[in-house]
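Here the structure is laid out as structure tokens; the discussion comes afterwards.
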Amino acid sequence: MKKVFINTDTINLDKFLKWSGCIQTGGEAKIVITEGAVKVNGEIETKRSRKLKISDIIEFNGESMIVCRRQGNNGSSESEAL
């Protein structure tokens, strides 16, 4: 499972997919989310504005990711595989 670090306590699902590098654009995020291709904590999520919080697990395109809080805040995206 890949850890994806964010700088805030919550992040919208569409922004998370872009931040994690899974997709390139907001339009692409809208399509994959509304088509039911993304799961949050094991359940299909179709709302782009779904607020993710720390420790939520996102499944997309055969990959599982967990939302983690970055301890320092340097403003860059960071992820690591477990």
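The values are calculated or read from the model by the stated rules, or taken from the named source; none is laboratory data. Here the structure is a predicted model, which means the values were calculated and not measured. Neighbour counts are summed over all protein chains in view; Cβ atoms, including those assigned to glycine, are modelled from backbone coordinates with ideal geometry.
Look through the stretch 17-44, keep the residues that are in contact (Cβ under 8 Å) with a residue 24 or more places away in the chain and either surrounded by 14 or more Cβ atoms within 10 Å (Cβ to Cβ) or outside any loop (DSSP other than H, G, I, E, B) (or both), and return whichever of them is nearest to the chain's Cα centre (by Cα). Before you say what the answer is, go through the steps one by one.
So the first thing to find is which residues in the stretch 17-44 are in contact (Cβ under 8 Å) with a residue 24 or more places away in the chain, and the list is 17, 19-22, 32, 37-38, 40.
Applying the additional criterion that residues be either surrounded by 14 or more Cβ atoms within 10 Å (Cβ to Cβ) or outside any loop (DSSP other than H, G, I, E, B) (or both) yields 17, 19-20, 22, 32, 37-38, 40.
Working: Leu17: 4, Trp19: 7, Ser20: 6, Cys22: 8, Val32: 12, Ala37: 13, Val38: 9, Val40: 9 Å.
Out of the qualifying residues, it is Leu17.
Table: residues versus (1) touching a Cys at 6+ places or on another chain (Cβ under 9 Å); (2) over 14 Å from Val4 (Cβ atoms).
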position: Gln24; (1), (2): no, yes
position: Ala29; (1), (2): yes, yes
position: Gly36; (1), (2): no, yes
position: Lys39; (1), (2): no, yes
position: Lys51; (1), (2): no, yes
position: Asp56; (1), (2): no, no
position: Phe60; (1), (2): yes, no
position: Arg69; (1), (2): no, no
Could you check the stretch 5-16 and list, in sequence order, the residues that are touching an Asp or Glu at 6+ places or on another chain (Cβ under 8 Å) and either at pLDDT below 95 or among the aliphatic types (A, V, I, L, M) (or both)? Leu13
Go through the stretch 55-82 residue by residue and tally those that are modelled with pLDDT of 95 or more, closer than 17 Å to Thr10 by Cβ and surrounded by 14 or more Cβ atoms within 10 Å (Cβ to Cβ). 7
